[in-house]
Structures are given as structure tokens and as C-alpha cells.
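The values are calculated or read from the model by the stated rules, or taken from the named source; none is laboratory data. The model shown is predicted, which means the values in this text are computed figures rather than measured ones. Quick reminder, even Gly has a Cβ in these numbers, built from the backbone with ideal geometry, and neighbours come from all protein chains shown. Protein only, heavy atoms only, side chains kept; ligands, DNA and RNA dropped before computing areas. Shrake-Rupley method; radii C 1.70, N 1.55, O 1.52, S 1.80 Å.
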Amino acid sequence: MQQFKTFIIKEFYHVFRDSKTLLMLFGLPIAQIVLFGFALTNEIKNSEIAICDYANDYTSNEIIDKIAHSNYFDVTTILHNQNQIEDEFKKGHIKLVIVFPNEFSNHLYHEGKANIQIIADASDPNTATTTSTYIQYIIQDYISSINKDNISPILINVAIRMLYNPELKSAMNFVPGVIALVLLLVCVLMTSVSIVKEKELGTMEILLVSPMNPIIVIISKVIPYFFLSLINLTIILLMSIFLLDLPINGSILLLYIESSIMILCALSLGLLISNSTDSQQAAMLISLMAMLIPTIMFTGFLFPLENMPLPLRIISNFIPSKWYYIIVKSIMIKGLGFGAIWKETLILVGMTLIMLAISFKKFKIRLA
């Protein structure tokens, strides 16, 4: 019995001395609870909306105040006419606009009913439906509180308009997300494994001692994946059009140019991983673990980023697929041009140049 007790104590010592085991035992469950409990939720929190209040009377201000204090919405923009609505949606900052007509209070209290229009960005149908429903609940709650004191019940009719995706097709949301996911993972994984495989087989040294510049050797290895990824993109787009009946409302040429930037960004990341690892297993593990989970969580097509805590929102800014997802949705679903996505494009180009610079620098050090 004493020997058994001694062995158990020895095993405890082994566990506590191994920081990796402790991380798996305690770090992973804590991280999962934090992520899935607080960060990854489909609930609406602090969603940015705009108000177009033609009435600007006591009742409309009361409803706006009730919405702003609901913890679900942040009223960030006040519009003065409906011509500004589409411009605000094109900027991508707001999810929904509430329009109060002229003489709202007058209609409500003298005619017994008034109208409110809700315009939602339905390029993400789940968020559009949820935010519209929340707004309707808040308005209904306000009406219920008024009707307690009124002999004649009054009514507010809510007209909902789903912008960009009136049929609320889920494909409008997940197809751009799948394109971002596929391009990033395939390019990163294939590039990193391809170069590390040459290292493991010992053929990379043979290529590097050849008369050709080593940088040219590396670039020539990633070029096939660039064109294969474009073919991959074409297949996905054709399937989206002919199988899912998903239109491409913007410029196809612009979509391919932006996709080429995204592919170069992913290939640069693959190069960086390949220059930082010495085995295919390590390259695959880093590619999948470092890219698959963050891409799924922080791209925005499964979990709304605005619901996440600030630290996770900051982390999401370093995920290339987040910016590419915004670009694809803007071109395919909203039919926007380069003027609406130039910031996201610059971020992707900047990421690509930084990763290329780091990976080539690390590569030169390895040759020394």
C-alpha cells in the first residue's frame, strides 16, 4: 500500500512539473468556458443602429431612449433623411435603421395608431432577424405600458424591410464565410507543408545550392497554389450561382482582385509557418490549430463579432479572413465598389507585406 501511495505521489509530481500537461488540464477548459460562455454567442449585445426621426416628438424620443438603454443596441447615428440610409449601410457600421414618420405622436394619440419602419441589413439574415425582433419587443413593451393608462388602446404598426437579402437566404451569409475559410486554410496548409516536405526529404538544400536565387525557388513553389486557389474560388462561385441561386451583385473582376490579395496573404502566412518549422506534422498542427479555430471564431459569419468582449474583438483584427469576409459580402451581396472596401483592402495588403518581410528574413537567417 505504501508503494502504491508513493507511485501516486510520484505521478502527481510528474504532472505538476510538466507545464504543458497543466496547460491542457486547466488552461484549455478555462479558455473554452470563457470563449463559449461569454464570447461566442448569437445573442445581440451593443449592436450599432441608426435613427431617422422625422417626428422628433416626445413619443419618438421616449422610444429611442428606451431602445438606447436596452443594452442590446447602441444608437450611434442620427439620420436626417432616407437618402442617407443606404450610405450608412454601405459603410458597414450599422445593422439596422428605425424610421419614425412625421407627426408620429399626433397619429398615435389622435388616430389610435402610428407606423414605424425598420430597415435591417439582411446580408447576415440571422442578425437582421434577431435585431428586428428585439426592436419589436421593445416597442411592444412601450405600447403595453401606455395602454395601461389609456381607455382606448393604441397601436404601433412595425413595417420591416430586409435590405440586400429580402428572402433571408442563409447562403448569403455562409458562402462568403466559406470562401474566406477555404482560401485561407487551403493556401496556408498547402504552402507550409509543401516547403517543409522539401526540408524533411533533404531536397530543399539541393534546390538552394542551385544557381537560381533561393527567393525565386521559394516563390516558384507557391505560385501553383496561387492559381489553384483561383480555380478553387471559381468552383465555389459557380456552385453558389448555379446550385444555391446566389447572385454576384458587384464586379466579378474586383472580387477576383480582392481574392488574389487574400490568397497572397494566406500564402505569405504559409511561408512564415514553413520557415518557422522543421517537420510536416508541426506545420500541419500550427496551420490547423492556429488558423482553423481563430478563422471560424473570429471571421464573423458564425458568431457576431460585436457581441464579443473587447480583447477578443481586438484579436479578431489580426485574422485576415475577417477583412476578406467583409470584402466578399460587400461585393457579392451589397454590390459595392472599391470605394466601400478600400480600408479592408489596405489592411490585407499590409498584412501580406509584413508576413512576406518576416518570412523572407527568417529564410535568409536559415541559409546563413
task: Report, by residue number, each residue of region 136-182 that is touching a strand residue (DSSP E or B) at 6+ places or on another chain (Cβ under 6 Å) and in a helix (DSSP H, G or I).
output: GLN136, ILE139, ILE143
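Among the residues of region 149-197, what is the count of those that are among the β-branched types (Val, Ile, Thr), more than 30 Å from SER287 (Cβ to Cβ) and touching a Leu at 6+ places or on another chain (Cβ under 9 Å)?
2
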- request: Restrict the check to region 324-336 and report whether at least one residue is closer than 25 Å to ILE273 by Cα and either in contact (Cβ under 8 Å) with a residue 24 or more places away in the chain or not basic (Lys, Arg) (or both).
  value: yes
task: Tell me, yes or no, whether region 111-130 has at least one residue that is more than 21 Å from SER330 (Cα to Cα), assigned to a helix (DSSP H, G or I), open to solvent by 70 Å² or more (accessible area, probe 1.4 Å) and at pLDDT below 90.
output: yes
- prompt: So which residues in region 281-317 are modelled with pLDDT of 80 or more, touching a Ser or Thr at 6+ places or on another chain (Cβ under 9 Å) and polar (S, T, N, Q), if there are any at all?
  reply: THR295, THR299, SER316
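Being within 22 Å of ILE315 (Cβ to Cβ), open to solvent by less than 50 Å² (accessible area, probe 1.4 Å) and at pLDDT 75 or above narrows it down to one of SER60, SER70, SER47, so name that one.
SER47 is the lone residue from the list that is within 22 Å of ILE315 (Cβ to Cβ), open to solvent by less than 50 Å² (accessible area, probe 1.4 Å) and at pLDDT 75 or above.
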- request: Check whether at least one residue in region 254-272 is open to solvent by less than 10 Å² (accessible area, probe 1.4 Å), of a type in the set (Asp, Glu) and either modelled with pLDDT under 85 or under 20 Å from VAL175 (Cα atoms) (or both), and report yes or no.
  value: yes
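Return yes or no: is LEU264 under 23 Å from PHE318 (Cβ atoms) and touching a helix residue (DSSP H, G or I) at 6+ places or on another chain (Cβ under 8 Å)?
yes
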field: Residues (at pLDDT 85 or above and open to solvent by 70 Å² or more (accessible area, probe 1.4 Å)) located in region 79-105
entry: ASN102, GLU103
field: Criterion violated by LEU168 - all others in (1) in contact with a helix residue (DSSP H, G or I) (Cβ under 6 Å, 6 or more places away or on another chain); (2) open to solvent by 40 Å² or more (accessible area, probe 1.4 Å); (3) at negative phi satisfied
entry: (3)
query: If ILE139 satisfies every condition in (1) touching a residue at least 60 places away in the same chain (Cβ under 8 Å); (2) within 17 Å of SER330 (Cβ to Cβ); (3) open to solvent by less than 20 Å² (accessible area, probe 1.4 Å) but one, which is the exception?
result: (2)
